[in-house]
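Worksheet for the structure shown next.
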Amino acid sequence: MKRLMNWLSPLVLLAATCIPVASASALGSNLVANPGFETANGNNPASWTGSSWGTNTAKFTYDTTGHSGRSGSIVVSGYKSGDAKWGFAPVNVTANTSYTFSNWYKSTAISGIDVEIITTSGATSYIWLANPAVSASWKQQSFAFTTPANAKTVTVFQYLDRNGTLSVDDVSLATASGTPTPTPTPTPPTPTPPTPTPPAATANLIANPSVETATGTTPANWTSGGWGTNTKSMTYETTGQDGSRSLKATISKYTNGDVKWMFTPVAVTAGQTYAYSDYYKSNVDTEVDAEVTMSDGSVQYAYLGTTPANTSTWAKASYQFTAPAGAVKVSIFHVLAKVGYLQTDNFSFASYQPTQFNRAIVSLTFDDGWRSIYTNGLPALSKYGLASTQYLNSQPITDGYADYMTYAQVKDWYAKGHELAWHTRTHADITTLSAANLTTELTIPSNFLTGIGQNKSVFKNFASPYGAYNANSVAQVRKTYASHRSTDVGYNSKDSLDLNNIKVQNITNTTTPADVKAWVDQAVANKTWLVIVYHEVDAAAEDPTYAVTPSNLDAELNIVKQSGVTVKTVDAALAELQTQL
């Protein structure tokens, strides 16, 4: 949890030791001292402390108005990391007991609620309760939780971990079998249960995002471009997804290269995650890439994902992008790179804060069944005690290819607690297959199952070869398998987890251990599910583009281990995360 130890600054430790700890009271009574902020201690509310950590500017105010009298408020600006919150003096609790927390709040941004628990041994742990949605007026909420074994004291924070405002009032913590003392209000609304909420809306950084504004005969703040040998047509259309204009790219003859419309690059903050989306129609598969201008003037490119052909209605393409260290400007391209057309409209690029799971999870996945994954990868995974998911092709194994695993090696993976998952028989592009051939590729051969001594039910999850998929192929995959994993880039969060398209971070021969550390750090900070895709583990790989050296793999697994993040197979991660949706 990102809050672990960070918020325990000297100021907070002092407050925790100098303010008397409230005693546990009768069943159902409110344990929070000064729950309505009505009693002052100088210029501050008695028995409350405002605290923050990380890189942000937090302003705490003791307001003279609230839901019913006074209240505590927070304004966060210049946010990069950390959080800010009002915390009531910790109260004594009973271990293994159900409690109910409730309060009234209003906010201009999504907030979070965590329970901080101090055990009898002095250890600190946390329980996530909710990410309350924005509310312009005072709103009541209530959540139940159970204290762990050896719990001694508890405090509950509603915190801001982004720019915005938050006010809280009339706070209650009581044993769950009791009823918190109600706070009078003219029209009390029904308490809101903890349900998933979408991220707070943030400003769209793209100028003229719906391309409605023209400069002469072209859209303002947009240019068209491309490269290679092809015959293209770039048009400013008079119809659109929800207005009167849109952009279209057409290729009539193609040898190589691509074409695209580009918005004027926008300033970004290194390390910040952004969400990109557009609406599109196309008669061929297309691709979405990021162009990043670095502080030294150099330009980098990042693949975000593939959008399947869609001709009937406007479809939405959505991707996440994290600005790398040194990034200063970004533009996103929706790219056409074959004969066909692509029409786009209503673009958005905005800073993004995912809705968090209870904790971060990392899954280590390996594609294809290369023998080097066994000979070089399994010892490293065993060294750090980490489980993986192996997406396997059957034909190279059944036919005894020298550079692929043997039956015995596949058996060994399973015996050592790793997950076996499916990746087609022949590593086929499943978007190009007839219905009969697609069914064949998705069906695990009986001789393969006999050879590895397993039933087909062991193979619960699927990954598309080449990361290629379309609506039909995914629909067929999901008839048999619990999930479909692509190579589209991103993190899987509570608001974005899609079992039809699990997002990943791809390992290539240019990926460094520092890159992996940045991915893990981001997943931990945002409590998301990070899925990492590996292929060959060999310094002299058959396909070096998507290979990792044994030394880099060891360094990367060490980073994952040292971070303390939970590592689970895809199947085990889904079992945990789906209960939170």
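The values are calculated or read from the model by the stated rules, or taken from the named source; none is laboratory data. Note that the coordinates shown come from a computational prediction; the quantities given were computed from them, not determined experimentally. Reconstructed Cβ throughout: ideal geometry from the backbone, glycine too, with neighbour counts over all protein chains shown.
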Name the single residue, out of those in segment 260-276 being within 20 Å of residue 355 (Cα to Cα) and of a type outside the set (Ser, Thr, Tyr), that is modelled with the lowest pLDDT. 271
Scan segment 43-55 and tell me whether some residue there is over 21 Å from residue 122 (Cα atoms), modelled with pLDDT of 50 or more and out of contact with any strand residue (DSSP E or B) (no Cβ under 8 Å at 6 or more places or on another chain). yes
Out of 213, 146, 185, which single residue is exposed (fewer than 14 other Cβ atoms within 10 Å of the Cβ) and modelled with pLDDT of 90 or more? 213
Of the residues in segment 286-305, how many are surrounded by fewer than 21 Cβ atoms within 10 Å (Cβ to Cβ) and closer than 17 Å to residue 345 by Cα? 2
Subset of segment 429-449 [among the β-branched types (Val, Ile, Thr) and either touching a residue at least 40 places away in the same chain (Cβ under 8 Å) or part of a loop (DSSP other than H, G, I, E, B) (or both)]: 430, 431, 443, 444
Any residue in segment 58-74 that is in contact with a Lys or Arg (Cβ under 6 Å, 6 or more places away or on another chain) and on the phi > 0 side of the Ramachandran plot? no
Only listed residue being modelled with pLDDT of 95 or more and either within 25 Å of the chain's Cα centre (by Cα) or on the phi > 0 side of the Ramachandran plot (or both), chosen from 279, 319, 303: 279
Going residue by residue through segment 30-40, is there one that turns out to be over 25 Å from residue 147 (Cα atoms) and acidic (Asp, Glu)? yes
Given the residues 509, 492, which is the only one that is on the phi < 0 side of the Ramachandran plot, of a type outside the set (A, V, I, L, M) and crowded, with 18+ Cβ neighbours inside 10 Å? 492
Which ones in segment 472-495 are in contact with a strand residue (DSSP E or B) (Cβ under 8 Å, 6 or more places away or on another chain) and farther than 16 Å from residue 431 by Cβ? 480, 481, 482, 483, 489, 490, 491, 492, 493
For segment 225-250, enumerate the residues that are at pLDDT 95 or above, small (Gly, Ala, Ser) and surrounded by fewer than 18 Cβ atoms within 10 Å (Cβ to Cβ). 233
Just for segment 293-315: of the residues that are among the aromatic types (Phe, Trp, Tyr) and in contact (Cβ under 8 Å) with a residue 24 or more places away in the chain, which one is nearest to residue 474 (Cα to Cα)? 314
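Specify the residue that is surrounded by the most Cβ atoms within 10 Å (Cβ to Cβ); the eligible residues are those in segment 530-547 that are under 26 Å from residue 493 (Cβ atoms) and either without any contact (Cβ under 8 Å) to a residue 12 or more places away in the chain or touching a helix residue (DSSP H, G or I) at 6+ places or on another chain (Cβ under 8 Å) (or both).
530
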Going by the structure shown, is residue 527 farther than 20 Å from residue 303 by Cα, crowded, with 17+ Cβ neighbours inside 10 Å and modelled with pLDDT of 95 or more? yes
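For segment 460-486, give me each residue that is of a type outside the set (A, V, I, L, M, F, W, C) and surrounded by fewer than 21 Cβ atoms within 10 Å (Cβ to Cβ).
460, 465, 466, 467, 470, 472, 476, 478, 479, 480, 481, listed by residue number.
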If we scan segment 107-116, do we find a residue that is over 24 Å from the mean Cα position of the chain (by Cα) and surrounded by 20 or more Cβ atoms within 10 Å (Cβ to Cβ)? no
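Let's see how each residue does on (1) part of a strand (DSSP E or B); (2) under 30 Å from residue 351 (Cα atoms); (3) not assigned by TED's automatic domain parsing to the domain that holds residue 45:
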position: 96; (1), (2), (3): no, no, no
position: 103; (1), (2), (3): yes, yes, no
position: 113; (1), (2), (3): yes, yes, no
position: 118; (1), (2), (3): yes, no, no
position: 127; (1), (2), (3): yes, yes, no
position: 132; (1), (2), (3): no, yes, no
position: 140; (1), (2), (3): yes, yes, no
Kindly establish whether residue 350 is buried (at least 21 other Cβ atoms within 10 Å of the Cβ), within 22 Å of the chain's Cα centre (by Cα) and modelled with pLDDT of 90 or more. no
Identify, please: which residue in segment 31-61 is among the hydroxyl-bearing types (Ser, Thr, Tyr) and buried (at least 19 other Cβ atoms within 10 Å of the Cβ) and is, among those, farthest from residue 154 (Cα to Cα)? 52
Evaluate the following for residue 231: is it in contact with a Ser or Thr (Cβ under 7 Å, 6 or more places away or on another chain) and not in a loop (DSSP other than H, G, I, E, B)? yes
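Which ones in segment 450-481 are of a type in the set (A, V, I, L, M, F, W, C), out of contact with any helix residue (DSSP H, G or I) (no Cβ under 6 Å at 6 or more places or on another chain) and in a helix (DSSP H, G or I)?
458, 471, 474, 475, 477
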Note on residue 552: of the conditions (1) at pLDDT 95 or above; (2) closer than 19 Å to residue 370 by Cα; (3) in contact with a Ser or Thr (Cβ under 7 Å, 6 or more places away or on another chain), unmet is (3)
Of 384, 374, 401, 414, the only residue that is among the aromatic types (Phe, Trp, Tyr), surrounded by fewer than 23 Cβ atoms within 10 Å (Cβ to Cβ) and more than 32 Å from the chain's Cα centre (by Cα) is 401
